[in-house]
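Taking it in order: structure first as structure tokens, then the write-up.
The values are calculated or read from the model by the stated rules, or taken from the named source; none is laboratory data. This one's a predicted model, so the numbers in the text were calculated from it and none came from an experiment. So basically every Cβ, Gly included, is an ideal-geometry build from the backbone, and we count neighbours across all protein chains shown. Protein only, heavy atoms only, side chains kept; ligands, DNA and RNA dropped before computing areas. Shrake-Rupley method; radii C 1.70, N 1.55, O 1.52, S 1.80 Å.
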Amino acid sequence: MAAVRCDLEDFAAEVFGSFARADQRRWGGVYLRGLLLSGGRKSVEPMAARLGGDGNRQALAHFITTSPWDAAHVRARLAWRMQPVVEPAAFIVDDTGFLKDGDASACVARQYTGTAGKVTNCQAGVSLHLASDGASAAVNWRLFLPESWDPASPKADPAKVARRERCGIPDGTGHVEKWQLALDMIDETRSWGIEVPLAVADGGYGDAAVFRLGLEERGLHYVVGISTTVTAHPEDARLEAPSCNGRGRRPLPAYPEPARRVKDLVIAAGRQSARPVQWREGSRPGTGRSGFKRMYSRFVALRVRPAGREIRKACDGAELPARWLLAEWPADQDEPVQFWLSSLPADTPLTTLVRLAKLRWRIEHDYREMKQALGLAHFEGRTWNGWHHHVTLVSAAHAFCTLQRMTRSPKETAPA
């Protein structure tokens, strides 16, 4: 830590420049240093013990839980600092679980999380990252509020609703679907002057046609995962006008054949349509020039017209727009194993589609680093503001590590 102390102080002064008081700036820097120190849990008490003379447990707890600073201001400064470094090719949105034993923390409920791979007691946080092939940074967060915590929902749990005030959940904050939280974060991040032309997400977001339409309304291209249940027409399908008997309203044009599942469309194209693509270096040793094994698989890319009620409504009787359907079909598999939809132009090369679809690995890498090394899931407070403060500072700590990695040798950036 001594080797990077001056860099850390400069970084903290930059991202905490919005803090109104000197004591907030001081404890922001101390909390950041506590997250970066090697050791076990990164909750307040063990961090205070490791911080020595700066380890005032009460001051740290007050700063992270109740001090009235706006996390959005820190995130905006963090985005401004990281944009020229990351040179983002995409916004990536995803969510991660924060497993909990009790039920007193804000927005805890039994819900599915990929962190555990099952329905369990947890909080869910939705995050937005700036990402390129070489780097990424989490710059925005939302705590997902389940319907059981929303007094306006028919699924409201009286016990959870009664805890809202103790958890400091702002009045008027209700249940919002995760895809809408993602769009809200994109809007907020762009309001800071951060413009990125593309959004990447997994099937939890890509399956929602309203999310894809929301990206298009914002002028953003996308490459999003989808499940096999999404339906589409082939690109060459054309609307036909149904016969009219002269009575009543003329029926709208329709496609003569029903939409098919994307998996069926790819299988119909056949295994022979799959092409080999290498998209990045992996972490395993290999025989290539870099010394690492290249990530490789086979992919099918088709032009299709995604179907669905929301899309038909948005088109108002016109032709459904053509989009890319990308599928991964490894040579040793009988069927394709993964699917994406993309609004990128029709002349986009297959290698570009694959590279951008696979860019989502960056967010998994970020979550792993922030959870394993920086204590993302170690916050033990129970308040809404405390959660947002903690994840914001963990994002800042992760950004600092990224900056150090990109400017120093591995030996210089070894853990303190």
So which residues in region 151-164 are within 12 Å of V108 (Cα to Cα) and touching a Lys or Arg at 6+ places or on another chain (Cβ under 9 Å)?
-> R163
Which numbered condition trips up E380, out of (1) surrounded by fewer than 19 Cβ atoms within 10 Å (Cβ to Cβ); (2) acidic (D, E); (3) within 18 Å of the chain's Cα centre (by Cα)?
-> (3)
Restricting to region 223-242, what's the tally of residues that are small (G, A, S) and either assigned to a loop (DSSP other than H, G, I, E, B) or open to solvent by 20 Å² or more (accessible area, probe 1.4 Å) (or both)?
-> 3
In region 34-51, the residues that are basic (K, R), open to solvent by 30 Å² or more (accessible area, probe 1.4 Å) and touching a residue at least 24 places away in the same chain (Cβ under 8 Å) = R41
Taking only pairs six or more apart or across chains, which ones have beta-carbon atoms under 7 Å, a first residue in region 215-238 that is of a type in the set (F, W, Y), and a second residue that is open to solvent by less than 20 Å² (accessible area, probe 1.4 Å) and in a strand (DSSP E or B)?
-> Y222/L198; Y222/A199; Y222/S342
Given the structure, is F292 of a type in the set (F, W, Y), at pLDDT 95 or above and either touching an Asp or Glu at 6+ places or on another chain (Cβ under 9 Å) or surrounded by 21 or more Cβ atoms within 10 Å (Cβ to Cβ) (or both)?
-> no
Selected residue (criterion: nearest to R142 (Cα to Cα)) from residues of region 60-71 that are in a helix (DSSP H, G or I) and open to solvent by 20 Å² or more (accessible area, probe 1.4 Å) | T65
Among the numbered criteria (1) in a helix (DSSP H, G or I); (2) open to solvent by 10 Å² or more (accessible area, probe 1.4 Å), which single criterion is violated by V74?
-> (2)
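Yes or no, residue by residue, for (1) touching a strand residue (DSSP E or B) at 6+ places or on another chain (Cβ under 7 Å); (2) small (G, A, S); (3) farther than 30 Å from G29 by Cβ:
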position	(1), (2), (3)
D70	no, no, no
H73	no, no, no
R81	no, no, no
T96	yes, no, no
A104	no, yes, no
Y112	yes, no, yes
V119	yes, no, yes
Where in region 105-148 are there strands (runs of 3 or more DSSP E), lying wholly inside it, with at least 3 residues that are buried (at least 19 other Cβ atoms within 10 Å of the Cβ)?
-> 118-131, 136-143
Unique match (being at pLDDT below 95, hydrophobic (A, V, I, L, M, F, W, C) and open to solvent by 60 Å² or more (accessible area, probe 1.4 Å)) among A346, A314, A318 | A314
